[in-house]
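All remarks here apply to the structure that follows.
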Amino acid sequence: MTDKHPSEAAGSPVLARNCSVDTVVAAILFVFGAVVVFEARRLGAGWTSDGPGAGYFPFYIGLIICISALGVAWQARSAKTRDEGAFVDREQMGRVLSVLLPALIYVFAIWILGIYVASALYIALFMIILGKYPPIKSVVLAIIVNAVFFMMFEVWFKVPLYKGLLEPLSFLGY
Amino acid sequence: MEELNALMQGFAVVLTPLNIGLMFVGIILGVLIGVLPGLGGANGVAILLPLTFSMSPTSAIVMLSCIYWGALFGGAITSILFNIPGEPWSVATTFDGYPLAQKGKAGQALTAAFTSSFVGAFVAVLMITFLAPLVAKFALKFGAPEFFAVYLLTFCSFVGMGKGSPFKILIAMAFGFALAAVGMDTVTGQLRLTFGQTELMRGFDFLIAVIGLFGIGEILLSMEEGLEFSGKSARINPKVVWETWKELPKYWATSVRSSLVGIWMGITPGGATPASFMSYGLAKKFSRSGSKFGTGEVEGVIAPETAAHAAGTSALLPMLALGIPGSPTAAVLLGGLLIWGLQPGPLLFVEQKDFVWGLIASMYLGNLVGLIVVLTTVPLFASILRIPFSIIAPVIIVICAIGAYTVHGAMLDIWFMLGFGVIGYVFKKLDYPLAPLVLALVLGDKAEDSFRQAMLVSQGDLGIMWANPLVGSITSLALIMLCWPLISKVLAMLRAPKVDEFAAQRPVD
């Protein structure tokens, strides 16, 4: 991946460096590996009369994760191998969050309103707020796209999609 | 020869109007997927997999493999026109493809790319036709220890041949195995790593992981560069095609060499990307105009494309004959086969002859149909990328969400998809390879099962892994691969290291 990003040259402040993110991720993975190891020991990581217990494989998997995480953390901290490149700068983070946060809200909306309604709202709002399109055009396009999906999935493929906790489309009878 | 007979029968199975129609639909969807960011080959196949549940396995695999071809072709379009590699293995195509487009010779570059893809894939399918039954017969001798040895070799070669920190490769693999272990244990029936959550009883489905890692993750990654796609326009008219075709036979040596490199590397896992770089490097060394590579040499497009497609196609050989996928997309196809109740491996050739030879026959046809479709519709696909990102991005995410939901009909899977998306974004940025993660997720249960069966037979004696020459050699090779990073460091200290000039540009995939 490129180290010198145009926006970095232009002076957008670096939010995190690769080596620090590496260390944090390694720490999280170490915890994950430890959890796997503990769970494996609970299941029985040794030999039963039928051969390896249910925890045998996961035990070593967890162990590999923990040891490798330590290795990654060591590489990230030691001066020879640490990667000083920028992980993300403010401009990039802004752009990524501008997609990630709406996506988060979208998935929450799917849970409440179901896939079709949530998708229509998502596409329309994305176009209006981030794409700066006129509201009428966005709403119409969003409704058309979701009507197409509805026909494709409910009617043609007969694959029912999630209708949400509130089931706003129940009047359609599907 | 009995292979040709079987192949002819396969053609008979495949040449029904429904299957031919599905081929065209598959190719078009595949190219579309290959062209759009966030919907790469593995992800696209994963999303469309549940839709094929209602079809017969033969029709379904025909359509899915055509989607696979389409995605292979589509990656070249974005590489040449937009300097954005659609797939990791199309990176090498950008080296000479984009300069050619900048010089106004986009049509020539595209024709060369598509035709060499066709040639590479064709050679690979020929190889599969004759080699697959042999490999399958050979694999019938495999017992549980042999299978585990091959799985071990697969994963160890990721560590041995992978780029980047071996620790990160190990973590990616182990993470995949850990995720695969969640849920009900196949041997004892105990619930593992579920922590009392009934929703986790099902475990993590590789399809959800693929859609999240390769779909959402890639969209987040492309977002960093901003919402603009500006590229060169391309017109392919028959004259340009003819002119380019007249030129291509000049480079027959490059094509042959690249195909062989591709086939060899495709059979080993993670092959298509290194194959394209290796053949580009070789072509540059051996070509008369090698010094001009990088400024827009047609040969610089032929070499990587031939190799990448040969590799992508031959990745299907170990998948069919041994049940070991050579790439994430092949892993998804493998998952599909398992879902349809087909056991890939040597028995597939014996028990499901129609299916296997139908699939192989469809590879020939799909390749040809793909070439025709792609040559005629390039301007259409190129213009799709000009639809503003603020319209395409939410639509792609909606498609991913729908895809994630249709796998099990579970809302929780959509949340998991988002989680995997963030993981994919962070992992890609930190150079954690995703291919071993996906392979471990798909193969985890099977690898563990064969290990436990082997241990059962030997009553706990690890020596069974060296019990006969076959197992012993595979296991030893696996261990050598595992320690290769250490060994190569030692070797490098003893003699001057070879400079890998593309090391900086080669993606960790």
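The values are calculated or read from the model by the stated rules, or taken from the named source; none is laboratory data. None of these values were measured; they are calculated from a predicted model. All Cβ positions, even for glycine, are placed from backbone atoms using ideal geometry, and neighbour counts span all protein chains on display.
Can you find even one residue in segment B:119-130 that is buried (at least 24 other Cβ atoms within 10 Å of the Cβ), in contact with a Ser or Thr (Cβ under 7 Å, 6 or more places away or on another chain) and either of a type in the set (S, T, N, Q) or modelled with pLDDT under 80 (or both)? No: segment B:119-130 contains no residue that is buried (at least 24 other Cβ atoms within 10 Å of the Cβ), in contact with a Ser or Thr (Cβ under 7 Å, 6 or more places away or on another chain) and either of a type in the set (S, T, N, Q) or modelled with pLDDT under 80 (or both).
The set of residues in segment B:134-180 being facing another protein chain (nearest Cβ under 10 Å) and free of Cβ contacts under 8 Å to residues at least 40 places away in the same chain consists of B:PHE167, B:LEU170, B:ALA178.
Just one residue in the set B:LEU4, B:LEU22, B:LEU32 is of a type outside the set (S, T, N, Q) and either outside any helix (DSSP H, G or I) or surrounded by fewer than 17 Cβ atoms within 10 Å (Cβ to Cβ) (or both); that residue is B:LEU4. Collect the residues in segment B:251-290 that are closer than 15 Å to B:THR306 by Cα and among the charged types (D, E, K, R), keeping them in residue-number order. Selection gives B:ARG257, B:LYS284. For segment A:67-85, the candidate set comprises residues that are buried (at least 21 other Cβ atoms within 10 Å of the Cβ) and over 23 Å from B:PHE148 (Cα atoms); within that set, the residue that is farthest from the other protein chains (Cβ to nearest Cβ) is A:ALA76. Filtered by the rule that a residue be more than 9 Å from chain B (Cβ to nearest Cβ) and assigned to a loop (DSSP other than H, G, I, E, B), segment A:38-66 gives A:ALA45, A:GLY46, A:SER49.
Does segment B:114-127 contain at least one residue that is free of Cβ contacts under 8 Å to residues at least 24 places away in the same chain, in a helix (DSSP H, G or I) and more than 14 Å from chain A (Cβ to nearest Cβ)? So far as segment B:114-127 goes, yes, one or more of its residues are free of Cβ contacts under 8 Å to residues at least 24 places away in the same chain, in a helix (DSSP H, G or I) and more than 14 Å from chain A (Cβ to nearest Cβ).
B:GLY341: at positive phi and surrounded by fewer than 20 Cβ atoms within 10 Å (Cβ to Cβ), yes or no? For B:GLY341, the condition - at positive phi and surrounded by fewer than 20 Cβ atoms within 10 Å (Cβ to Cβ) - is met.
Going through (1) more than 10 Å from chain A (Cβ to nearest Cβ); (2) in contact with a Lys or Arg (Cβ under 8 Å, 6 or more places away or on another chain); (3) buried (at least 23 other Cβ atoms within 10 Å of the Cβ) one by one, B:GLY183 falls short only on (3).
Let's see how each residue does on (1) closer than 16 Å to B:VAL182 by Cβ; (2) among the acidic types (Asp, Glu); (3) touching a residue at least 24 places away in the same chain (Cβ under 8 Å); (4) at the interface with another protein chain (Cβ under 9 Å from one of its Cβ atoms):
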site: B:ILE414; (1), (2), (3), (4): no, no, no, yes
site: B:GLY424; (1), (2), (3), (4): no, no, yes, no
site: B:ALA435; (1), (2), (3), (4): no, no, yes, no
site: B:VAL438; (1), (2), (3), (4): yes, no, yes, no
site: B:ASP445; (1), (2), (3), (4): yes, yes, yes, no
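Each residue in segment A:151-174 was checked for being in a helix (DSSP H, G or I) and touching a Leu at 6+ places or on another chain (Cβ under 8 Å), and 3 pass. Quick one: would you say A:LEU70 is over 27 Å from B:ASP461 (Cβ atoms), in the same structural domain as A:GLU154 (by TED's automatic domain parsing), of a type outside the set (Val, Ile, Thr) and in a helix (DSSP H, G or I)? It is false that A:LEU70 is over 27 Å from B:ASP461 (Cβ atoms), in the same structural domain as A:GLU154 (by TED's automatic domain parsing), of a type outside the set (Val, Ile, Thr) and in a helix (DSSP H, G or I). A search for C-beta distances below 8 Å between a residue of segment A:121-148 that is within 8 Å of another protein chain (Cβ to nearest Cβ) and any residue that is of a type in the set (D, E, K, R) and surrounded by fewer than 18 Cβ atoms within 10 Å (Cβ to Cβ), counting only pairs 6+ apart in sequence or on different chains, returns A:MET127/A:LYS137. A single entry from B:ILE384, B:ILE392, B:ILE397 fulfils the requirement of being away from chain A (no Cβ under 14 Å) and over 23 Å from B:ALA132 (Cβ atoms): B:ILE384.
The single condition among (1) in contact with a Leu (Cβ under 8 Å, 6 or more places away or on another chain); (2) outside any helix (DSSP H, G or I); (3) aliphatic (A, V, I, L, M) that B:ILE84 does not satisfy is (1).
Here are some residues: B:ILE360, B:ILE324. Which one is in a loop (DSSP other than H, G, I, E, B), out of contact with any Asp or Glu (no Cβ under 8 Å at 6 or more places or on another chain) and of a type in the set (A, V, I, L, M)?
Selected residue: B:ILE324, the only one of B:ILE360, B:ILE324 that is in a loop (DSSP other than H, G, I, E, B), out of contact with any Asp or Glu (no Cβ under 8 Å at 6 or more places or on another chain) and of a type in the set (A, V, I, L, M).
Go through segment A:86-108 and count every residue that is in a strand (DSSP E or B) and more than 8 Å from chain B (Cβ to nearest Cβ). Number of matching residues: 2.
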